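**Student:** Below are the structure tokens for one structure; questions will follow.
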Amino acid sequence: MGTLLGLPPPPILITSQTSNSSFAPLLLPNTQTTPRKKHHKIHCSKFGNFLDLKPISKPESLDFDLSWVDPSGRCRFDVIIIGTGPAGLRLAERVSRYGIKVCCVDPSPLSMWPNNYGVWVDEFESLGLEDCLDKTWPVACVSINDHKTKYLDRPYGRVSRKELKMKLLEGCLSNGVKFHQAKVWKVEHQEFESFVECSDGNELKACLIVDASGFASSFTEYDKPRNHGYQIAHGILAEVDCHPFDLDKMVLMDWRDSHLGSEPYIRASNSRFPTFLYVMPFDSNLIFLEETSLVSRPVLSYKEVKKRMVARLRHLGIRVKTIIEDEKCLIPMGGPLPRIPQRVVPIGGSSGLVHPSTGYMVARTLAIAPVLADAIAECLGSTRMIRGMPLGHRLWNELWPFERRCVREYYSFGMETLLKLDLKGTRSFFDAFFDLDPHYWQGFLSSRLSIRELAMLSLSLFGHASNPSRFDIVTKCPVPLVKMMGSLALETI
């Protein structure tokens, strides 16, 4: 009703993993909604409405003996890491290898991470983490429409959250990392030392504070408007009677909309702001399904995403018997980097490492943590003992060197272009994108192309595109292109 009156819609509260607060809420002040019509509703069939089902799994904690901080002792460290998500634990495990005293602060350091993480198998193999995948598929596929499907010869895997967290915790324990179970309320800085004030009243001191607390962090500062795009999704790990998906293929994107044939109102909305289905089939009765808006600004309504998923599963003949887990996913994408430099050094969701065009982050974060760890060790372990703002400046430059900032601007250009495409344009884009040489599309998705390679990708993409897609590129890309060129120009100053 507020939308029809010209008022902003009420905020949506969605849980999103951050490491300082394992289930911290993200408050969305504005969402893309479509006007309500009283006659419209999702019609329940014999397949039912799975939204009425409650997940049967309960929050799980690991049975692991951590080395806890003794508050009565000397609470002084070289590095304090706020958060024990994948980013925080990976950095703690790597930095502590150098004999640097590290403390991780988190209100629930042994809680299991709530998100499902999907990665390309070669990415985890290069990190030596392939033993942390609990399921792999030799082929990924992208359904462009009802008549065309792309088969990608690149194995895909699901991360075992338990195995990965146990492996990182074991490394931390063997390297002497300390843990403190509390929430960080405040971070303060002196010239060469910083303090964190915790929710239990304890104060911890360190030469360096690292923020690994996720997207909703208040410890990392920005000096530009945070005009993010947003990826929003609703996912379920479910037991079903049956499903139509091949067990040796995961579905990266299913852009078909035939399931909306009897839902013209939703179909019109989907044509303007499309969503796709992401599928991990484990066996004939166990499957992970996620309806996803790749990127929107303002964020697409979570209610709308769920409506579309109900219609899609009904059309596919999938009857959900039991929901084992559900996932409410919200990922800010693109937008400005944090202010560079600053005393707090972020990693993970708070650092701008999310791929602005895809939302991927986990593999990239795990890969960059050792690079940042080496730089921290060089600064704190050197005879010069670089501290204070010079330390922050050095680490920020290691995290975001000039070349990497330029590459990120290109990926943000990709996001801004996707924001302007409707369903037809999006289909045409991915039809051309996955026709590229695998070096280009794989490199783009894994954030490993140089500026020169990205320029070659653009030329090749234009060459592979259909005439309507080329028209979209010519008519809808100039504004994002000018924005990118302006940002690149500012980077050179």
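The values are calculated or read from the model by the stated rules, or taken from the named source; none is laboratory data. Quick caveat: nothing in here was measured; it's all calculated off a predicted structure. Positions of Cβ are backbone-derived with ideal geometry, glycine not excepted, and every protein chain shown enters the neighbour counts. Areas reflect the complete protein model, heavy atoms only, side chains present, ligands, DNA and RNA absent. Shrake-Rupley method; radii C 1.70, N 1.55, O 1.52, S 1.80 Å.
**Student:** Sorted by packing (mean other beta-carbon atoms within 10 Å per residue), highest first, where do 389-398, 55-64, 147-156, 212-221 land?
**Tutor:** 212-221, 389-398, 147-156, 55-64
**Student:** Express the Stokes-Einstein translational diffusion coefficient of the chain in µm² s⁻¹, to the nearest whole number, given a Kirkwood radius over alpha-carbon pairs, 37 °C and a viscosity of 0.692 mPa s.
**Tutor:** D = 138 µm²/s.
**Student:** Give me the accessible area per residue for region 348-438, probe 1.4 Å, as a whole number in Å².
**Tutor:** 33
**Student:** Using only the alpha carbons of region 229-333, what is the convex hull's orientation-averaged projected area in square nanometres?
**Tutor:** Taking a quarter of the hull surface, the average projection is 6.2 nm².
**Student:** Could you tally the net charge around Leu252, taking each other residue with its Cβ under 12 Å from the Cβ of Leu252, Lys/Arg +1 and Asp/Glu -1?
**Tutor:** Taking every other residue near Leu252 into account, the sum is +1.
**Student:** Shifting gears a bit: Under a plain spin-label model, where a point goes 7 Å from the Cα along Cα-to-Cβ, how far apart in nm are Glu197 and His147?
**Tutor:** The answer from the label model is 6.6 nm.
**Student:** Starting from one equal scatterer on each C-alpha and no solvent at all, send me the Debye-based log10 I(q)/I(0) for region 342-408 at q = 0.20, 0.27, 0.29 Å⁻¹, two decimals.
**Tutor:** -0.83, -1.27, -1.37
**Student:** With θ set to phi - 60° and the Karplus curve 6.51 cos²θ - 1.76 cosθ + 1.60, what are the ³J(HN,Hα) couplings of region 117-130 in order, to the nearest whole Hz, using x for Gly and Pro?
**Tutor:** 10, x, 9, 6, 4, 4, 5, 6, 4, 5, 9, x, 10, 5
**Student:** Picking from Pro401, Leu313, Pro59, whose Cα lies most toward the positive end of the charge dipole for the chain (charges on Cβ: Lys, Arg +1; Asp, Glu -1)?
**Tutor:** It is Leu313, whose Cα lies furthest towards the positive end.
**Student:** Okay, next question. Measure nothing but the geometry: give the 0 to 90° angle between the long axis through the Cα atoms of 161-174 and the longest principal axis through the Cα atoms of the chain, rounded to 10°.
**Tutor:** Approximately 10 degrees, to the nearest ten.
**Student:** Taking amide hydrogens as modeled 1.01 Å from N in the peptide plane, which residues meet the under 5 Å criterion relative to Thr322, leaving out close sequence neighbours?
**Tutor:** Residues meeting the amide H criterion: Glu239.
**Student:** Right, here's the next one. From the helices alone, meaning DSSP H stretches of at least four residues, give me the mean residue ellipticity at 222 nm for the chain, per-run term -39500 (n - 2.57), in deg cm²/dmol to the nearest 500.
**Tutor:** -10500 deg cm²/dmol
**Student:** Report, for the chain, the % of DSSP beta bridges that are antiparallel, rounded to 5.
**Tutor:** 70
**Student:** A further question on this structure: Using the Karplus equation 6.51 cos²θ - 1.76 cosθ + 1.60 (θ = phi - 60°), what ³J(HN,Hα) coupling, rounded to whole Hz, does each residue of region 102-109 give in order, writing x for Gly and Pro?
**Tutor:** Values per residue, Gly and Pro as x: 10, 10, 9, 10, 7, x, 9, x Hz.
**Student:** Could you give each residue of region 261-270 its phi-based ³J(HN,Hα) in whole Hz, using Karplus coefficients 6.51, -1.76, 1.60 with θ = phi - 60°, and x for Gly or Pro?
**Tutor:** With coefficients 6.51, -1.76 and 1.60, one gets x, 9, 10, x, 5, 5, 4, 5, 5, 5 Hz.
**Student:** Additional query: Applying a 10 Å radius around every beta-carbon, put 159-171, 301-313 in order of their mean neighbour count, most first.
**Tutor:** Put in order of decreasing packing, that is 301-313, 159-171.
**Student:** Ranked highest first by average number of other Cβ atoms within 10 Å, how do 271-282, 101-112 line up?
**Tutor:** Ranking the peptides 271-282, 101-112 by packing returns 101-112, 271-282.
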